[in-house]
Each structure stands twice: as C-alpha cells, then as structure tokens.
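Every number here is computed from the coordinates shown, using simple stated rules; none is lab data. These figures come from a predicted structure and were not determined experimentally. Cβ sites come from the backbone with ideal geometry, for glycine too, and all protein chains shown count toward neighbours.
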C-alpha cells in the first residue's frame, strides 16, 4: 500500500473525524472506503466505460461526449460489443 499526502479543508476533516468516531472506524479506513465508493461509481458511468481505453481527448471532445451521453438512459448505454481499431498514418 502506498502513502499519499492529502489536503482537506478544516470542516471536511472535522466531519471525517466525527463520522469515524461515531462509527468507531479508523479515519484512514473511512477515507479509503469513501474513495473506493467514488471510483466504483465513476467507473460505472457511461462516459468512463466508453472512454477508459482512449489515451487522450481534448476538453471540447470530452464536453461533447458528456453532453451526448446525458441524453441516453443506462439501457441505451449498455456496451454489448467492444472492438479495437488501429489506424496507421
């Protein structure tokens, strides 16, 4: 396991300490679980599923993709087949 430095505002830090105290959970475990929950949620979003293998996009491309994806529901965004294409220039 790697260690990182994390800066938090005072209010957030106090909330973390209070919740971990009430539930008798070490603060580091609470933070790890929170980060894991956020990552799982983000990875399940359509934007991530459709762009995770793309190495680079511009902000304009990203905004356009998100705008288009927001128009669809989860059933319409289900990935049923995946194919890789290599373009040689």
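Round to the nearest 10 and give me the degree value, 0 to 90, for the angle of helix 27-44's Cα axis relative to the longest principal axis of the chain.
20
Give me the angle, in degrees from 0 to 90, between the Cα long axis of helix 59-69 and the longest principal axis of the Cα atoms of the chain, rounded to the nearest 10.
90
Run lengths n ≥ 4 of DSSP H only: what is the helix-derived mean residue ellipticity at 222 nm for the chain, with -39500 (n - 2.57) per run over all residues, to the nearest 500?
Theoretical 222 nm ellipticity from helices: -16500 deg cm²/dmol.
Could you state the angle between the C-alpha long axis of helix 10-22 and the longest principal axis of the C-alpha atoms of the chain, as a value from 0 to 90 degrees rounded to the nearest 10?
With rounding to tens, the tilt is 70 degrees.
Rg and Dmax in Å for the chain, alpha carbons only: what are they?
In order Rg, Dmax, the Cα atoms of the chain give 18.8, 59 Å.
Going by average Cβ density within 10 Å per residue, which order do the peptides 27-37, 69-79 take, highest to lowest?
Going by the mean number of other Cβ atoms within 10 Å, highest first, we get 27-37, 69-79.
With the cut-off at 1.5 for a/c, could you classify region 42-89 from its C-alpha gyration tensor as rounded, prolate or oblate?
Oblate is the answer for region 42-89, as a/c is 1.5 or above yet b/c matches or exceeds a/b.
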